[in-house]
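Each remark here refers to the structure printed beneath this line.
Each reported figure results from applying straightforward, stated rules to the coordinates on display, with no laboratory input. Note that this is a predicted model, so its numbers are computed, not measured. Methodologically, a virtual Cβ is constructed for each residue, glycine included, from the backbone with ideal geometry; neighbour enumeration extends over all protein chains shown.
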Amino acid sequence: MARRKKSHQSHGTPGRPRFWGKHAVAAALDNPERKVLRAWTTREAAAFMQFPDEVQVTLAEAADLGRLVPHDAPHQGVVVEVEPLEEAWLDELIGAAGERAMLLVLDQVTDPHNVGAILRSAAAFGAVGIVTQDRHSPPESGVVAKAASGALERVPWVRVVNLARALEEVAEAGFWRIGLAGDADTELKDALGPARVALVLGAEGAGLRPNTREHCDALARLPISESVESLNVSNAAAIALYAASVA
């Protein structure tokens, strides 16, 4: 008899994603804007988690938790099912930004590991948020939350229908838009200057789309060795944020 394939819904859905790992789960529990629906945990992990009384908690063995998440996901003894955060709005985000601010704009970066890592870097360097196109970015998920290591709960994530229009709105708010492109003549350090900066990054391989490039005030490259063609987009984001933070 053929073995029935495990349904992807057993790992959560976009409407009810599952998070795993102590950092991601603890951050979700600490976020008053996040509704945690239920939890599964080992006895050992339960001792370190502060589950609200209204959350249904099921004690389970580590092997049982492994069946609630994608194969080989490092659940660290705890899994929760949550509701996605309420939608963030671009005008509110940039309207609340201070005189000196960094914003990340991602042009069709779809890998959830990369988006999660970029959220983590955004939190580390104090970026006001990230902006993605709603149809070409991953939903909230356990993979994003784990890679973000808690930053998914702290960094506003705005999803927009039209990225070019969003970049126009960003410019109207006084942000200097720098698109990172390996073929640019200018290095990033020379493109920085204005106190409000939006760093625009494209997907690996494809890079920035032509229309996105046209909506940047400057194109700049990172000064990497000629022996390496390009950096992973999450690594490029971290370096660019550092450069902008100390400029």
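Report the FRET efficiency, 1/(1 + (r/R0)^6), for residue 189 and residue 64, where r is their Cβ-Cβ distance and R0 is 41 Å, rounded to 0.05.
Calculated transfer efficiency: 0.20.
Give me the percent relative contact order of segment 1-102, please, defined on Cα pairs under 8 angstrom at least 6 residues apart. Intermediate values should be presented prior to the final figure.
Numbers: 139 pairs, mean separation 38.2, N = 102.
Taking the mean separation of contacting Cα pairs over the length of segment 1-102, I get 37 percent.
Here the 3J(HN,Hα) profile of segment 37-48, calculated from phi with Karplus coefficients 6.51, -1.76 and 1.60 at θ = phi - 60°, is 8, 7, 9, 10, 7, 7, 4, 5, 5, 4, 5, 9 Hz, Gly and Pro shown as x.
Compute the distance from the alpha-carbon center of segment 28-47 to that of segment 189-218, in whole Å. Their Cα centres are 38 Å away from one another.
Starting from the Cα gyration tensor of segment 100-238, take the square roots of the eigenvalues, sort them a ≥ b ≥ c, and report rounded, prolate or oblate (rounded when a/c is under 1.5, otherwise prolate if a/b is larger than b/c, else oblate). Rounded, since a/c falls under 1.5. Only helical runs count toward this figure. For the chain, summing -39,500 (n - 2.57) over DSSP H runs of n ≥ 4 and dividing by all residues gives -8000 deg cm²/dmol at 222 nm. The calculated FRET efficiency for the pair residue 242 and residue 54, based on their C-beta separation and a Förster distance of 30 Å, comes to about 0.15.
Using the Cβ-Cβ distance between residue 226 and residue 164 with R0 = 35 Å, the FRET efficiency computed as 1/(1 + (r/R0)^6) comes to roughly 0.65. I'd like to know which of 242, 228, 71 lies farthest towards the positive end of the charge dipole of the chain, counting +1 on Cβ of Lys and Arg and -1 on Cβ of Asp and Glu. Going by the Cα projections, it comes out as 71. Could you tell me how far the Cα centroid of segment 75-123 sits from the Cα centroid of segment 146-182, in Å? Each part reduced to its Cα centre gives a spacing of 9 Å.
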